[in-house]
Amino acid sequence: MKKLLLLSVVTLVGLIFIGRMIYLQVILSDQLQLEAENNSVKTIYDYPERGFIYDRNGELMVANQVAYDVMVIPKETGDTDLSKLSQLLKIEESRLKKKLETARKWSTKQASVIVPQLTQEEYAPLQEQLRKFPGFYIQRRSLRKYLVDHSASVLGYIREVNQSTIKKDDYYVQGDLAGKSGIESQYEKELRGQKGFKKYTRDHYGRAIESYKNGINDVAPVAGTDLTVTLDKELQEYAEQLMINKRGGIVAIEPKTGEILTLVTAPNYDPSLLMGRDRSKNINIILRDTVRTPDLNRVLQGQYAPGSPFKVINALVALQEGVVKPQERFSCNHGYNYGGKKKLGCHAHSSPLAMNRGIAESCNAYFAQIYRRIIEKGSTSSKGMDVWHDHVTSFGLGDYLGYDLPVGQPGRIPDGDYYTSRYKYKWYAPTTISNAIGQGEVAVTPIQLANMTAAIANRGYFYTPHIIKKMNGEAIDNPKYTKKNYTTIDAKHFEPVIEGMNDVYKSGTAKYVQIPDIEICGKTGTVENFARINGEKKQLTDHSVFIAFAPKDDPKIAIAVFIENGYWGSRYAAKIASLLIEKHIKGKITRTDLENYLMTHSLEYEYAKRLSDKPFKINEAVDKGRISKDKEADLNKLYDSLSLQILN
């Protein structure tokens, strides 16, 4: 028994000894070798070229340029003379200390960016001097180079990732850049490529001196995917010029594909401002501009009442529901008395009107009466409203469209439950009569208006709007963007509405902005505009809205233009739409009178009224129903003279 116990002890001691030897010679040896390697080997990331961005015609919009980051490994800095280093880097010593402290909190052993995005000129004098400061080194990276001075809202920009992004995606480390908005954000994974790295042996100062093991462990970077977007660079640039000194948005879509030809929000800014050493300062300036809000994408995020362009949807719903015939006429006596405290007003025009002239003259009374029939067809107002809601939303209104850009708003198309929950008493069609003319509770985004117009141009279907056309030269094959989305309106009902929209140009509210040799179908809109200022609800100058598509029988472009405080549809929005249609179809401008007007007229005096305490209603005679649209030329002179008074 004693011999057995002794044998067991000897065996156990032997096993412990053997285990210890294995640990020291194999496991610990590998660990010590790894630590020794980490101390003697420096890993430097090799950043790939970010993918280029081209327009639909192959014109380069966004490329790359070489930039340099000043990096630090806090553990290796020792007793660095921060005073001399701050002078070398041209930053304040206090700011340098704060950056070093941030880097230490993140990691003492891993590199962090101290000064990002140095240009070649800024990097040259640092190249040799920085060697005197242990733990600091230069890392080369590819930085964006914008070849256009517009389209920041749709192209987006890249920015240093935060800790939240690093935690979500282990691809990124401190100091990496990633797409922050627009296309750069939406297609970040495709554009960024794959990082590589190179290992170097260090000298006793921590400097990289030669390739480690002849580079057998190095990994080459993989360049990002080149993107061809649907935008027309030339059309986009022209649209931006037309929007100078105006606020609002323009979006144009190719009806046959759903490709976004132009997407402009104003005011905008040069995307190059968000690159280089001054990018943080410039970003703060843009974000803090709460008056002009250039960071707001009004096309995708602005929710507005659609105004009179919405009338064409009510006409289509009325035809589908069989509550009106195109030839049926309705009377208008400067408006429609629906039993409320104040009748729904309308401007002077011929009466009675059938659908064609109702659209061409934008008669409020006509559309109030057919809307009322739609709602009252239901067994209850709520059920009638639900039927109306389902037809309207089939055009892509009232919900996110599903386009491939990272921001947006759903808009609002009310249903029966909306009003039942809102009103304690029983409600009827007249309660919601403002919906007949695109006011009331209806809200849309400009891109939804453009998509609605494309659906009308296609006689009943649309493709989901999208911004991507090709990746690395290969056309996209995503069913989300190639499948037809059908509305609930039969194709036969579109023709009388389209004829009315065509007459808007020929003899209606847009007759002064016709384009020679192009059959255009459109609809003007004047949208009432209210805001709460110092706790008081005030009526501001109306918005100018216009939708159109062309040519009539073979549509190549559908467009929506929304100009904040632009008075009425034909004053600003219709002029802009006509010029962009001509530019897209003809490739040149013949209506130079419209172009000259837009290039020389500003709405900045309107936007200044909030700050100047000037009256929003310049002349009460301009209010709807008080004056004919035929007097536009005289009114333009009046407004222009008054605008000078306000600015002065």
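The values are calculated or read from the model by the stated rules, or taken from the named source; none is laboratory data. For clarity, every value in this text was computed on a predicted model and none was experimentally measured. Here Cβ is always computed from backbone atoms with ideal geometry, including for glycine, and neighbour counts include all displayed protein chains. Surface areas here come from the heavy atoms of the whole protein model, side chains and all, with no ligands, DNA or RNA. Shrake-Rupley method; radii C 1.70, N 1.55, O 1.52, S 1.80 Å.
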Seminar exercise, completed: Looking across region 258-268 at residues that are open to solvent by 10 Å² or more (accessible area, probe 1.4 Å) and under 11 Å from Leu296 (Cα atoms), the single one that is nearest to the chain's Cα centre (by Cα) is Asn268
Exercise. Based on what the data block shows, is Asp386 open to solvent by 20 Å² or more (accessible area, probe 1.4 Å), under 32 Å from the mean Cα position of the chain (by Cα) and at pLDDT 95 or above?
Worked result: yes
Seminar exercise, completed: Within region 349-358, the count of residues that are of a type in the set (A, V, I, L, M, F, W, C) and touching an Asp or Glu at 6+ places or on another chain (Cβ under 7 Å) comes to 2
Exercise. Restricting attention to region 161-186, which residues are open to solvent by 30 Å² or more (accessible area, probe 1.4 Å) and within 30 Å of Gly248 (Cα to Cα)?
Worked result: Lys180, Ser181, Ser185, Gln186
For this session: Kindly check whether there is at least one residue in region 163-174 that is part of a strand (DSSP E or B) and among the hydrophobic types (A, V, I, L, M, F, W, C).
Result: no
For this session: Kindly indicate whether any position in region 144-151 is modelled with pLDDT of 85 or more, open to solvent by less than 80 Å² (accessible area, probe 1.4 Å) and not in a loop (DSSP other than H, G, I, E, B).
Result: yes
Seminar exercise, completed: All-but-one check, Val392 against (1) closer than 30 Å to Pro465 by Cβ; (2) within 35 Å of the chain's Cα centre (by Cα); (3) open to solvent by 10 Å² or more (accessible area, probe 1.4 Å), failing number (3)
For this session: Return the total of residues in region 586-608 being in a loop (DSSP other than H, G, I, E, B), free of Cβ contacts under 8 Å to residues at least 40 places away in the same chain and β-branched (Val, Ile, Thr).
Result: 1
Problem set entry | Residue within region 340-351 that is in contact with a Leu (Cβ under 7 Å, 6 or more places away or on another chain) and over 26 Å from Tyr486 (Cβ atoms) present | no
Exercise. Looking at Lys614, is it modelled with pLDDT under 95, out of contact with any Cys (no Cβ under 6 Å at 6 or more places or on another chain), surrounded by fewer than 16 Cβ atoms within 10 Å (Cβ to Cβ) and more than 21 Å from Lys506 (Cα to Cα)?
Worked result: yes
Exercise. For region 270-293, which residues satisfy the criterion of being open to solvent by less than 40 Å² (accessible area, probe 1.4 Å) and either closer than 25 Å to Pro116 by Cα or modelled with pLDDT under 80 (or both)?
Worked result: Pro271, Leu274, Met275, Gly276, Arg279, Asn282, Ile283, Ile286, Asp289
For this session: Looking only at region 588-606, decide whether some residue is at pLDDT 50 or above and touching a strand residue (DSSP E or B) at 6+ places or on another chain (Cβ under 6 Å).
Result: yes
Exercise. Given the conditions (1) open to solvent by less than 20 Å² (accessible area, probe 1.4 Å); (2) modelled with pLDDT of 90 or more, and given that Ile158 satisfies all but one, which numbered condition is not satisfied?
Worked result: (2)
